[in-house]
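Peer 1: The structure follows.
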Amino acid sequence: MTTLTPVLLLAVALGLLALVLRWAFGDDRRAVPDHTGTDFGLLREVALVPTEEAAQVLLSRLHAAGLRATAVRRDGAHLLLVFPADVADAKLLLRKGP
């Protein structure tokens, strides 16, 4: 009977450890990534232009103003994307013209 006690205690301890680890790490509630190409995370669209050259011109203006921006191609057009904190400044800068 005494040789069985340490084995039972070890089994109970491992079972409790498994339950605690399952509780801490087992419930994965992270968002499923969007692989359709329409979700750009935090980035927001500020302009839609038809050509890559136009996108590069506008990107250079945004970068010259110190704004972080990127361009992506979607459905034959080019989207200019910036972070949410820069949306108002980017739209104002792009509306102002050269």
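Peer 1: Explain nothing, just the number: dipole magnitude of segment 44-96 about its Cα centre with +1 on each Lys and Arg Cβ and -1 on each Asp and Glu Cβ, in debye rounded to the nearest 20.
Peer 2: The calculation lands at about 140 debye.
Peer 1: With contacts defined as alpha carbon pairs under 8 Å and 6 or more residues apart, what's the relative contact order of the chain in percent?
Peer 2: 25 percent
Peer 1: What is the Cα radius of gyration of the chain over 2.2 N^0.38 Å, N being its residue count?
Peer 2: 2.12
Peer 1: What translational D, rounded to a whole number of µm²/s, comes out for segment 44-96 from Stokes-Einstein when the hydrodynamic radius is the Kirkwood one over Cα pairs, at 4 °C and 1.567 mPa s?
Peer 2: 121 µm²/s
Peer 1: Pairing the Cα long axis of helix 87-96 with the longest principal axis of the chain, what angle in degrees results, from 0 to 90 and rounded to the nearest 10?
Peer 2: 10 degrees
Peer 1: Now, a different point. Out of PHE40, PHE25, PHE83, any idea which swings most in a Gaussian network model of the chain, alpha carbons joined below 10 Å?
Peer 2: Of PHE40, PHE25, PHE83, the Gaussian network model singles out PHE25 as fluctuating most.
Peer 1: Still on this structure, I have one more. Angle between the Cα long axis of helix 4-25 and the longest principal axis of the chain, 0 to 90 degrees, nearest 10?
Peer 2: 20 degrees
Peer 1: How big is the dipole moment of the chain about its Cα centre under a simple scheme where the beta carbon of each Lys and Arg is +1, that of each Asp and Glu is -1, and everything else is neutral? Debye, nearest 20, please.
Peer 2: Once rounded to the nearest 20, the dipole reads 240 debye.
Every read-out reported here was derived from the displayed coordinates using simple, explicitly stated rules and does not represent laboratory data. Bear in mind the structure is a predicted one, so any value in this text is a computation, not a measurement. Backbone-built Cβ (ideal geometry, glycine too); neighbour counts: all protein chains shown.
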